[in-house]
Amino acid sequence: MPVNLLSLVSQIMGPLHGILLFGSRVTGNVDEHSDIDVIALADDVPSLRRMKISTPYGVLDVHLHSAASLRKAWQEQRKRYISFYTHALATGEILLDVTGELRVLAEESRQTWPKQDIKPDWTVYRLALMAKLGDIRRSQATIDAQLLAVDTYQTILAVHCLQVVGWLASALLMRRWCSTASPVQSHRLDQAFADAIAGMSGALAREAEACLLDIGGPLSSQEALTWSGLAA
């Protein structure tokens, strides 16, 4: 790219003590629609400020943080297995790092990227799959069958993704990860989803049942009450 990105970001954003470039400008998958994705660190930023700024070189998409707010956001995402900041820090290019915080977070991120070993509490996914299976079996006219198919597919995809890589991301990225790790299972799920969109939900229901059994099976009534806090 025929521009000094450190100079460009600094001129637009003012005084900064950290800049990390991530996304397509680092991976090289750049086209005419590609943004310039950066994490920028400044003082007196209590939480994320997201800005998109037009430049002659593309849209500058800035995630502005203080060092403390970035670490907090990174930690909160990791607790929920969300990969965004871990992926950005593990694979990005540090352009400026006055305090050293970006290097520390980048190293910590690389320790668990691309795969982390986790033992999630599957309760919320078990409940979600039970609800979706109930809706599929009822086939009520009031239920949007296509929306139900999308929700069911994405829930199964999230479970598979947590099992194979330990992270959650966009549906497109999770599908890519699962296709690489388990192509046969991924193809079968994709076909079941396509059938459900076309009005034939049997295969998707079987995928949901298998997924539910794989993470512990249906919750008992007492387990559901205990988890929701409604048990006596």
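If only residues of the range 122-143 that are in contact with a helix residue (DSSP H, G or I) (Cβ under 9 Å, 6 or more places away or on another chain) and assigned to a loop (DSSP other than H, G, I, E, B) are counted, the one that is farthest from M174 (Cα to Cα) is S139. Would you mind stating whether G216 is exposed (fewer than 14 other Cβ atoms within 10 Å of the Cβ), within 24 Å of the chain's Cα centre (by Cα) and at positive phi? Criteria met by G216. In summary, helices (runs of 4 or more DSSP H) completely within the range 177-232 and bearing 1 or more residues that are aromatic (F, W, Y) occur at 183-197, 221-228.
In the range 141-163, the residues that are within 14 Å of A205 (Cα to Cα) and open to solvent by less than 50 Å² (accessible area, probe 1.4 Å) form Cβ pairs under 9 Å with partners that are in a loop (DSSP other than H, G, I, E, B) and not hydrophobic (A, V, I, L, M, F, W, C), at six or more places apart or across chains, as follows: L148/S201; A149/S201; T152/S201.
Residues in the range 1-18: is at least one under 22 Å from the mean Cα position of the chain (by Cα) and not β-branched (V, I, T)? Within the range 1-18, none of the residues are under 22 Å from the mean Cα position of the chain (by Cα) and not β-branched (V, I, T). Against the conditions (1) buried (at least 16 other Cβ atoms within 10 Å of the Cβ); (2) touching a Leu at 6+ places or on another chain (Cβ under 9 Å); (3) over 30 Å from L157 (Cβ atoms); (4) among the small types (G, A, S), A88 satisfies every one except (3).
A quick yes/no check of all residues on (1) open to solvent by 50 Å² or more (accessible area, probe 1.4 Å); (2) modelled with pLDDT under 95:
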residue: S34; (1), (2): no, yes
residue: V38; (1), (2): no, no
residue: D43; (1), (2): yes, yes
residue: L60; (1), (2): no, no
residue: H63; (1), (2): no, no
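Within the range 176-189, restricting attention to residues that are surrounded by 15 or more Cβ atoms within 10 Å (Cβ to Cβ) and not polar (S, T, N, Q), which residue is farthest from T152 (Cα to Cα)? Ranking the candidates gives A181 first.
The values are calculated or read from the model by the stated rules, or taken from the named source; none is laboratory data. Since this is a predicted model, take the numbers as computed values, not measurements. Reconstructed Cβ throughout: ideal geometry from the backbone, glycine too, with neighbour counts over all protein chains shown. Accessible surface is based on the protein model in full, side chains and every heavy atom, while ligands, DNA and RNA are left aside. Shrake-Rupley method; radii C 1.70, N 1.55, O 1.52, S 1.80 Å.
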